[in-house]
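Each remark here refers to the structure printed beneath this line.
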Amino acid sequence: MFVAAPLIAAEQKQVLSNVYPIVKKYKSMEGPSGAQTIYLGDRAAPELLWLTAIKTEVVGANGKTLMSPELMCHMNVDIDPARHKALFNLKRYPAARLMTISQGMRVKGGGFEARLPDGFAFPIASNEPLYVMTQVLNHNIEHPKHLNVRHRVTFEFVRDLDLKERPIALFNIGVSGTVQMADNPMALSSMSSSDHAGASCLIGVRASNAAGMSNDYVDPQGRHLTGHWVVPPGKQVNTSDVTWFMSLPYDSRLHYAAVHLHPFAESLTLHDATTGTDIFKAQAKNPKDRIGLDRVDSFVNVTGVPMYKDHKYELVSIYFNPTKQNADSMASMFLALDDPEFAAPTTAELIARGTIVTAGSALVLRTSAGDLGAMLHYSPTSLQFAKLAAAFRNAEATVTDSTIRFTAKVTAPELEREPGEHVAGAISLCRGTDEVSVVIVTRPSPDLDGRCTVFAQIGPGADVVRAIADAGSGKLLRAEIFGSSELNDMQLAPAKKIAAK
């Protein structure tokens, strides 16, 4: 074993997964896994970033010692499609899976990497979350002892503010090979098969008219499909129509593609069935005396290969299973195409678009006395507050015996008069002539019913409210809204005493 060299970049964000104990053999998708939410920059100071590369390494529990690449399963990076669409004012609905890095994508010096061609990048806002899922496996070590590993994931990016010339913006699309589930003993559903108990390495319900969960889909003909299947001993060729999966929004050019296959794969081809030509054929190399993948080709092309929204596309996978037992398989590609729709947002636009509300969202008020959380009501008023949230930065508190009020000098449209009583713990929005106030109710205040609109209810952080009420003063540093998928990683600053007025 040796210590892995750090990845050098203009800017980088490095995160460690939890420690995964390897106690037995694990097939693909069976090994320990975990997920975390990260931001590439400061979500409270939105700016445009350009993501150029993602790397992951399997390291020891100390986060430094490079471990065997055979323990790598895969690493997914997903975006929040609704958040990304809003931040960049897109007409298309983005794909959730930004990139998957799998065992065959090895690079010199150790680790596995997806690197976009020079001059190209994914636009990412510093105030949008990235969801990182990591998983390990063990095909070959019969009796592992005290083997604890983790992923060390590094994101390379540049700040738009530092650039003299912007890269060409790319957008992401994922496609997966599939087989029919009906009367097919070769089909495996990750939702029901114990052989695939881990988090799905496929792209989820990406296709516009897919249905079901995980790797189970319904195609335009109404056929139920799955993205995991069995490869019996010998050679297997599987051809899948992925046109409906891609749902290309416009003609574009392909500049990068990453390939995810399981052991015993020989190749995966993206085929233009309209022209009868292969766009990209990725060859896979398997080790001679062990199970795994030594190498899988990636596609990197500065000029780009044209792809058309009205063409038919197929994925063709070839597996050869040399054993006497069935093997599991899948076949996915993660594509990066140039985006004619992209328009660089300003900082003001990122602030205005950055706080959106979906079902299950939570509000966090960062105050001088600590942080308090609240569950948002999914309503027109909560949506209106989201648009106004930035205006309350550093707002001073006005404290009465029944409320704490933070006021922003901003003109707002008439509020929706929604039902909601001003009970203790309610958070309300009140509109004045040239100002809007966020009101935290500390005692029942029926006098506010009909005048203000309740849009949230306090959860954790009641001691923060008491600290501000007792001091008679405080400051709302900023308001943030978290989507439901971010809540497991949300951290609240504890209450602290503040000086009374």
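The values are calculated or read from the model by the stated rules, or taken from the named source; none is laboratory data. Everything numeric here is computed off the predicted structure, so don't read it as measured data. Neighbour counts run over all protein chains shown; Cβ positions are idealised from the backbone, glycine included. Just so you know, the surface numbers come from the protein's heavy atoms only, side chains and all, with ligands and any DNA or RNA stripped out. Shrake-Rupley method; radii C 1.70, N 1.55, O 1.52, S 1.80 Å.
A few comments on the model shown:
- Restricting THR323, THR303 to those that are part of a loop (DSSP other than H, G, I, E, B), of a type in the set (Val, Ile, Thr), surrounded by fewer than 18 Cβ atoms within 10 Å (Cβ to Cβ) and modelled with pLDDT of 90 or more reduces the list to THR323.
- Listed conditions (1) in a loop (DSSP other than H, G, I, E, B); (2) open to solvent by 30 Å² or more (accessible area, probe 1.4 Å) are all met by ASP78, apart from (1).
Quick grid of which residues meet (1) among the hydroxyl-bearing types (Ser, Thr, Tyr); (2) buried (at least 16 other Cβ atoms within 10 Å of the Cβ); (3) outside any helix (DSSP H, G or I):
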| residue | (1), (2), (3) |
| --- | --- |
| ASP118 | no, no, yes |
| PHE122 | no, yes, yes |
| GLU142 | no, no, yes |
| VAL153 | no, yes, yes |
| GLU156 | no, yes, yes |
| LEU161 | no, no, no |
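- GLN135 being under 12 Å from the mean Cα position of the chain (by Cα) and of a type in the set (S, T, N, Q): no
- Among residues of region 285-297 being of a type in the set (A, V, I, L, M, F, W, C) and open to solvent by less than 20 Å² (accessible area, probe 1.4 Å), the one that is modelled with the lowest pLDDT is LEU293.
- Looking only at region 206-232, and only at residues there that are at pLDDT 80 or above and of a type in the set (Val, Ile, Thr), the one that is most open to solvent (accessible area, probe 1.4 Å): VAL230
- Residue, surrounded by the fewest Cβ atoms within 10 Å (Cβ to Cβ), within region 436-463, restricted to residues that are part of a loop (DSSP other than H, G, I, E, B) and more than 36 Å from the chain's Cα centre (by Cα): GLY450
- Hits in region 237-255 - residues which are within 17 Å of LEU90 (Cβ to Cβ) and either part of a strand (DSSP E or B) or open to solvent by 30 Å² or more (accessible area, probe 1.4 Å) (or both): SER247, PRO249, TYR250, ASP251, SER252
- Taking each residue of region 251-270 that is within 23 Å of ALA169 (Cα to Cα) and looking for partners that are polar (S, T, N, Q) and open to solvent by less than 10 Å² (accessible area, probe 1.4 Å) with beta-carbon atoms closer than 8 Å, six or more apart or interchain, yields ALA258/THR100; ALA258/SER102; VAL259/SER102; VAL259/SER332.
- A count restricted to region 256-279 and to residues that are open to solvent by 20 Å² or more (accessible area, probe 1.4 Å) and on the phi < 0 side of the Ramachandran plot stands at 8.
- Which listed residue, of SER473, SER428, is in contact with a helix residue (DSSP H, G or I) (Cβ under 8 Å, 6 or more places away or on another chain), among the polar types (S, T, N, Q) and modelled with pLDDT of 90 or more: SER428
- Selection from region 223-261 of residues that are among the polar types (S, T, N, Q) and closer than 21 Å to ALA121 by Cβ: SER252
- Pairs with Cβ under 7 Å, 6+ apart, first in region 399-416 and surrounded by 18 or more Cβ atoms within 10 Å (Cβ to Cβ) and at pLDDT 90 or above, second part of a loop (DSSP other than H, G, I, E, B) and among the small types (Gly, Ala, Ser): VAL399/GLY472; VAL399/SER473; THR403/SER445
- Pairing each residue of region 447-470 that is touching a residue at least 60 places away in the same chain (Cβ under 8 Å) and on the phi > 0 side of the Ramachandran plot with any residue that is open to solvent by 40 Å² or more (accessible area, probe 1.4 Å) and assigned to a loop (DSSP other than H, G, I, E, B), provided the two are 6+ apart or on different chains, yields C-beta distances under 7 Å for GLY461/LEU492.
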